[in-house]
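The structure appears right after this line, and notes come after that.
What follows draws every value from the coordinates through simple rules; no lab data is involved. Since we're looking at a predicted model, the values are computed, not measured. Cβ sites come from the backbone with ideal geometry, for glycine too, and all protein chains shown count toward neighbours.
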Amino acid sequence: MRKLHFELSGASAIAEMHDDVVPKTCDAVWDILPVEGMSIHANWASREIMLHLAGEKILRLPPEGPPRHGAIAPGDIVYFWRSPQMSQGKQLAYSSEFQRELSEFAIFYGEPSGGGLNAQDPTRGAGADLEVTTLFATFIDLPSEFTDRCEEIRHNGLKKLIVKRLET
Amino acid sequence: MTRVKITLGSAEALAELDVEGAPKTTSWLKTVLPVEAQAIHSMENGREVYALIDDPQQVPEENQTIYQCVGDLVVYYKPAIFVKPTWPRHVRSFLVVGFIYERQSAIRGMSGPLATNLVGKITEGIDALAHEAPRMRREGFGEIGISLV
Amino acid sequence: MSSEPDESLAPTRRLRISFSDSEAVAVADLLDDDCPNTCTSLWDMLPLHLNAIHDIWSGHLVLGHLDSKVVLPPENVLTYIPVPGDIYYYYRPPNYFRGSPYGRVESAEIGFVYDRDTRPQGPRGPESVNLFARITDGLDDFAKVCENMIYRGQKDLLIEKVE
């Protein structure tokens, strides 16, 4: 399986892609790498940081892989797309281009993952016209230094995240 | 009318306490004010900012709702895992005072909605808080202050 | 919900909502910027007479059923807690819910949230709805009439354009 390298403020983590389960999503992600941006901490899905995909990196992919019915485990790396049709209130913490439509890597780094208000969102799994969430990779090396950096984002603000191919 | 001032960074707001609806909670709150603490943004409830209150008194369930609204000032016991990176050894929840600054928010426990004591309503300055909190999400959180007016 | 309104756009379209046996009148702004398709579809149906009933699952909410053929796509989808004054469109396909709530296996409806502690939901829990308008005037009196419906039952409700 192909591997990804995550670098967050000097801390590194490695993830393995689920090429055997969601090959088209993995190909699309691989093709846009490297991706970098200022990651922000979640406020609905608990221990998650997000990397928004913008400009030429934006991905609008169909759903792929078995339905997960909203279940998320720590270490999951999820491709997330949200339709412009979704009302989320004012999104002042996000850049203006992400006020409605959103394309991102959702990176779950600890427990609880996916809990909170996200867990009972009635639109999860409602249809690909509203949201697409595809689990496409999982961390296989997630040091505490990396998870500490993730946790720091919620208190200290945005941190630069770089996602690259790990060439073997 | 009993009011409190809430400060978050450069933003100031005023909230009216619901003395009639939450007499025990408002009495308790007055005993712990003024509060000056690290402001923490919710990771699980949406647009909520809160402060941990270090007080051994038990706050009873009162004036409760699972349908928190923008401007609500709430008091409740938040599961510790939403505050700390791992479960503390012997602490399972933290007493918090928090406010909701934008819609698409509701307080959650480990397995579903969490009823919270509605202790007051922000009557002035919610827009300022609604701009300061997102700024802090991007730039880092400072202190939250709550004091009697 | 959206960025600051552009003053160069058309004036806000408004709805006038009233009951046949009450003087209470609410005025609502259509959220054309956020929900254009739903707003236009419903605007074109006005004036609209609804048999308004109090919801039995959702809290402080009254609803009126539309013809089930009024099937609109998801738009400005509100996934969670509405605020007082929210007006939404909702559609459920046949047999989505267990049984036939309100005697309807399939339903298209307009919901009016008149107070807090409300969540649009049915037998399976919270539902996503199209948030297409917000009451900006007259909510207090409108809310009193709505709450009274818990005890007094259904009412004729009229939605008209404010020209």
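Side notes on the structure shown:
- Residues A:Trp30 and B:Gln38, FRET efficiency given R0 of 56 Å [Cβ-Cβ distance, rounded to 0.05]: 0.90
- Three-way shape label, the protein assembly as shown, alpha-carbon gyration tensor, a/c 1.5: oblate
- Phi-derived couplings, Karplus 6.51 cos²θ - 1.76 cosθ + 1.60 at θ = phi - 60°, listed residue by residue for the stretch A:68-83: 10, 6, x, 7, 9, 10, x, x, 5, 10, 10, 7, 10, 10, 10, 5 Hz, with x used for Gly and Pro.
- Pairwise label distance in nanometres, B:Leu52 with C:Tyr151, each label 7 Å out on the Cα-Cβ vector: 4.9
- By average C-beta atoms within 10 angstrom, highest first, the peptides C:131-137, B:83-89: C:131-137, B:83-89
- Shielding by partners - mean other protein chain Cβ count within 10 Å, residues of B:97-108: 5
- Top of C:Ser20, C:Ser128, C:Ser58 by mean-square fluctuation, Gaussian network on chain C, Cα under 10 Å: C:Ser20
- The stretch A:10-130: radius of gyration and largest Cα-Cα distance (Dmax), Å: 14.0, 38
- Set of lysines near C:Lys144 by C-alpha distance (under 21 Å), chain-local residues within fewer than 8 positions excluded: C:Lys155
- J(HN,Hα) series, the stretch B:92-100, from Karplus relation 6.51 cos²θ - 1.76 cosθ + 1.60, nearest Hz, glycine and proline x: 10, 8, 10, 6, 10, 10, x, 9, 9
- A Förster radius of 45 Å combined with the Cβ-Cβ distance from C:Thr136 to B:Val91 puts the calculated FRET efficiency at roughly 0.45.
- Using a Gaussian network model of chain B in which every pair of alpha carbons under 10 angstrom is joined by a spring, one finds that among B:Val75, B:Val119, B:Val96 the greatest mean-square fluctuation is at B:Val96.
- The stretch B:6-43 and the stretch A:29-93 have Cα centres separated by 34 Å.
- 13 Å beta-carbon shell around C:Ile81, net charge (K/R +1, D/E -1): -3
- Gap separating the Cα centres of the stretch B:50-81 and the stretch C:121-141, nearest whole Å: 26
- A simple charge model with +1 on the Cβ of Lys and Arg, -1 on the Cβ of Asp and Glu and nothing else charged puts the dipole of the stretch C:15-162 at about 600 debye relative to its Cα centre.
- Along its three principal directions, the equivalent ellipsoid of the stretch B:3-149 from the Cα gyration tensor extends over semi-axes of 20, 19, 15 Å, largest first.
- Chain B - mean residue ellipticity at 222 nm from DSSP helices (-39,500 (n - 2.57) per run, n ≥ 4, rounded to 500): -5000 deg cm²/dmol
- For C:Ser107, residues with placed amide H under 5 Å, excluding near neighbours: C:Arg92
- Environment charge at A:Leu53 (Cβ cut-off 13 Å; Lys +1, Arg +1, Asp -1, Glu -1): -3
- Cβ-derived FRET efficiency at R0 22 Å, A:Arg60 paired with C:Val70, nearest 0.05: 0.15
- Summing charges over all other residues whose Cβ lies under 15 Å from the Cβ of A:Ser12, with Lys and Arg as +1 and Asp and Glu as -1, gives -1.
- Here chain B is treated with +1 on each Lys and Arg Cβ and -1 on each Asp and Glu Cβ, and its dipole about the Cα centre works out to around 460 debye.
- For the stretch C:115-124, 3J(HN,Hα) per residue [Karplus equation, 6.51 cos²θ - 1.76 cosθ + 1.60, θ = phi - 60°, Hz, x = Gly/Pro]: 7, 6, 6, 10, 8, x, 8, x, x, 9
- Averaging the Cα positions of each part gives two centres, and for the stretch C:52-89 and the stretch C:28-48 these lie 14 Å apart.
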